[in-house]
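See structure below.
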Amino acid sequence: MILLRLFWIFLKIGIFTFGGGYSMIALIQNEVVEKQGWMTAQEFTDILAISQMTPGPVGINTATYAGYTAVVNAGLPAWQGVAGSLIASFAVILLPVIAMTLVYNYLSKHRDNPVINSMFRVLRITVVGLIAAAALLLLGEESFGVPGFNKQFVISVLLFVGAFYLSWRHKTSPIILILACGFVGWIAYSF
């Protein structure tokens, strides 16, 4: 039963998300944490971190890990968790692949239509909103800890500000930033 619900939920997420994987994150979190209760907010934050570090699109990676975690958290064996990850991954890309094939065929014939151009302007604004929602989702207690002058919150904020500054001002490679923040976090939390 959970496998069918996974398929249906990720099918809906796949077709109603515009703007790539980061715009999917808020929808996935709402479904698997808030509505279905398949995992905790902390588990979802961990899944999101792993999804960003592994190769491939973040939305599909998140669906894959969320499908596995939902099935295993339901008490089913790990091999069924693998089936859950495959079903969630397949469902999240099924309708977009079909839709993009149809849209591409249509747009290649009507590329100068003013109605089409105005629709894309609206979609750009929508995508910015969905990505902003995903960014706000990452600013929760699961990522930064409880606000105040406690160790986890202070370290998290300092790492965030430092990584943002180095990325924005000095154009530091994201790979170097990830490794550096991981090392600093490891040192800070080891003692």
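The values are calculated or read from the model by the stated rules, or taken from the named source; none is laboratory data. Fair warning: this is a prediction, and the values are worked out from it, not measured in the lab. No Cβ is skipped: glycine too gets one built from the backbone with ideal geometry, and neighbour counts run over all protein chains shown.
Here is how the numbers come out for the structure above:
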{"read-out": "Residue satisfying condition, being modelled with pLDDT of 85 or more and farther than 30 Å from F7 by Cβ, within set I87, I175", "value": "I175"}
{"read-out": "Every residue from the range 173-191 that is among the small types (G, A, S) and touching a helix residue (DSSP H, G or I) at 6+ places or on another chain (Cβ under 6 Å)", "value": "A188"}
{"read-out": "From the options V157, V161, V146, residue that is assigned to a loop (DSSP other than H, G, I, E, B) and among the hydrophobic types (A, V, I, L, M, F, W, C)", "value": "V146"}
{"read-out": "Scope the range 143-172; condition among the small types (G, A, S) and either out of contact with any helix residue (DSSP H, G or I) (no Cβ under 9 Å at 6 or more places or on another chain) or at pLDDT below 85 (or both); matching residues", "value": "S143, G145, G148, S156"}
{"read-out": "Residue in the range 83-90 that is part of a helix (DSSP H, G or I) and farther than 16 Å from G14 by Cβ present", "value": "yes"}
{"read-out": "Single condition Y68 does not satisfy, out of (1) of a type in the set (F, W, Y); (2) surrounded by 11 or more Cβ atoms within 10 Å (Cβ to Cβ); (3) not assigned by TED's automatic domain parsing to the domain that holds T17", "value": "(3)"}
{"read-out": "Qualifying residue in the range 121-129 (condition: within 25 Å of E34 (Cα to Cα), of a type in the set (S, T, N, Q), out of contact with any helix residue (DSSP H, G or I) (no Cβ under 6 Å at 6 or more places or on another chain) and in a helix (DSSP H, G or I))", "value": "yes"}
{"read-out": "Counted residues, the range 97-129 - those being closer than 20 Å to I28 by Cβ and not hydrophobic (A, V, I, L, M, F, W, C)", "value": "2"}
{"read-out": "Yes/no for V103 being part of a helix (DSSP H, G or I), without any contact (Cβ under 8 Å) to a residue 60 or more places away in the chain, surrounded by 11 or more Cβ atoms within 10 Å (Cβ to Cβ) and among the β-branched types (V, I, T)", "value": "yes"}
{"read-out": "Qualifying residue in the range 118-128 (condition: under 18 Å from K12 (Cα atoms), at pLDDT below 95 and more than 20 Å from the chain's Cα centre (by Cα))", "value": "no"}
{"read-out": "Tally of residues being farther than 16 Å from Q29 by Cα and surrounded by 12 or more Cβ atoms within 10 Å (Cβ to Cβ) across the range 130-171", "value": "15"}
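So that you can scan it fast, the table gives a plain yes or no per residue for (1) in contact with a His (Cβ under 9 Å, 6 or more places away or on another chain); (2) more than 26 Å from V128 (Cα to Cα); (3) buried (at least 20 other Cβ atoms within 10 Å of the Cβ):
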{"site": "R5", "(1), (2), (3)": "no, yes, no"}
{"site": "L11", "(1), (2), (3)": "no, no, no"}
{"site": "S23", "(1), (2), (3)": "no, no, yes"}
{"site": "N30", "(1), (2), (3)": "no, no, no"}
{"site": "F44", "(1), (2), (3)": "no, no, yes"}
{"site": "A74", "(1), (2), (3)": "no, yes, no"}
{"site": "G81", "(1), (2), (3)": "no, yes, no"}
{"site": "V97", "(1), (2), (3)": "no, no, no"}
